[in-house]
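One structure is given here, and the rest of the page talks about it.
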Amino acid sequence: MSDEITNGAVAPTAEAAGPAFTVEKIYVKDVSFEAPGAPAVFAENVQPELQLNLNQRVQRLGENAFEVVLGVTLTCKAGDKTAYVAEVQQAGIFGLIGLEPQAVDVLLGTQCPNILFPYVRQLVSDLVQAGGFPPFFLQPINFEALYAESLRQRAAQGGDSSLANSEPAGNA
């Protein structure tokens with residue numbers, strides 16, 4: 001009965017329906033905020049220096065399901081002291097059915113992080129502001145350019161190291 005639609009027709013299979021890209025779930029995998037120099041850091045009158053570290057991991061969960069984790073670490077230094085460190089790992093589970101391996105690789109390296117980025121941006125901004133610091137807004141990131149660079153690096157290393165077949169590792 002589960003393969004039947006109410007009008008008696010058989011439900012389409014994944015192959016019959018054609019290629020599909022779905023967002024199954026978006027969630028926060030890990031989040032951390034530290035202000036080790038507070039409250040003294042609030043009295044500092046020094047131009048803050050920001051360092052942003054971005055990474056992406058892909059893990060195959062099943063034949064057509066992948067977890068993509070977009071990680072951001074933002075470190076703010078005031079002089080020689082750390083004002084704050086905000087770390088966010090935003091994750092999503094994506095379904096990719098009936099696509100060629102190259103298309104899967106492109107979607108995992110570009111579209112998935114593009115979908116996750118607004119969530120990361122908002123969470124980082126909220127953490128920084130809740131920590132008592134001026135708002136910080138991540139600027140847009142060109143994941144297509146990052147993906148192209150990762151392709152260049154993978155080609156230089158040789159072998160098949162597509163995102164869909166890789167173990168979790170940074171690739172952005």
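Closer than 20 Å to Gly92 by Cβ and among the hydrophobic types (A, V, I, L, M, F, W, C): is that true of Val31 in this structure? Yes; evaluated as a whole, the condition is true for this residue. When the residues of segment 85-103 are filtered to those that are touching a helix residue (DSSP H, G or I) at 6+ places or on another chain (Cβ under 7 Å), outside any loop (DSSP other than H, G, I, E, B) and open to solvent by 40 Å² or more (accessible area, probe 1.4 Å), the one that is farthest from Val58 (Cα to Cα) is Ile97. When the residues of segment 28-48 are narrowed to those that are in a strand (DSSP E or B) and without any contact (Cβ under 8 Å) to a residue 60 or more places away in the chain, which ends up nearest to Lys81 (Cα to Cα)? The qualifying residue nearest to Lys81 (Cα to Cα) is Pro48.
Residues that are part of a strand (DSSP E or B), out of contact with any helix residue (DSSP H, G or I) (no Cβ under 6 Å at 6 or more places or on another chain) and closer than 21 Å to Thr22 by Cα do not occur anywhere in segment 106-125. Taken over segment 14-23, the criterion of being part of a strand (DSSP E or B) and surrounded by fewer than 13 Cβ atoms within 10 Å (Cβ to Cβ) is satisfied by Ala20, Thr22. Under 7 Å by Cβ, and 6 or more places apart or on different chains, what pairs join a residue from segment 104-129 that is on the phi < 0 side of the Ramachandran plot and open to solvent by 80 Å² or more (accessible area, probe 1.4 Å) with one that is of a type outside the set (D, E, K, R) and modelled with pLDDT of 95 or more? These pairs meet every condition: Tyr119/Ile26; Tyr119/Gln90. Only residues that are closer than 17 Å to Lys29 by Cβ and surrounded by fewer than 20 Cβ atoms within 10 Å (Cβ to Cβ) were counted across segment 72-84, and they come to 1. Between Gln89, Gln51, the distinction of being in contact with a Lys or Arg (Cβ under 7 Å, 6 or more places away or on another chain) and within 18 Å of Ser125 (Cα to Cα) belongs to Gln89 only. Screening Asp126 on (1) modelled with pLDDT of 95 or more; (2) touching a strand residue (DSSP E or B) at 6+ places or on another chain (Cβ under 9 Å); (3) acidic (Asp, Glu) shows it passes everything except condition (2). Before we move on, is Phe66 touching a helix residue (DSSP H, G or I) at 6+ places or on another chain (Cβ under 7 Å) and not acidic (Asp, Glu)? For Phe66, the condition - touching a helix residue (DSSP H, G or I) at 6+ places or on another chain (Cβ under 7 Å) and not acidic (Asp, Glu) - is met. Going through (1) part of a strand (DSSP E or B); (2) open to solvent by 40 Å² or more (accessible area, probe 1.4 Å); (3) farther than 15 Å from Gly132 by Cβ one by one, Phe66 falls short only on (2).
Being within 15 Å of the chain's Cα centre (by Cα) and crowded, with 19+ Cβ neighbours inside 10 Å is a property that Glu144 lacks.
Whenever a residue of segment 74-97 is more than 28 Å from Leu108 (Cβ to Cβ) and among the basic types (Lys, Arg), its partners that are open to solvent by 10 Å² or more (accessible area, probe 1.4 Å) and in a strand (DSSP E or B), lying with C-beta atoms within less than 7 angstrom and at least six residues away or across chains, give the pairs Lys77/Pro48; Lys77/Glu49.
The values are calculated or read from the model by the stated rules, or taken from the named source; none is laboratory data. None of these values were measured; they are calculated from a predicted model. As a convention, Cβ positions derive from the backbone with ideal geometry for all residues, glycine included, and neighbour counts pool all protein chains shown. The accessibility values were calculated without ligands, DNA or RNA, using every heavy atom of the protein model including side chains. Shrake-Rupley method; radii C 1.70, N 1.55, O 1.52, S 1.80 Å.
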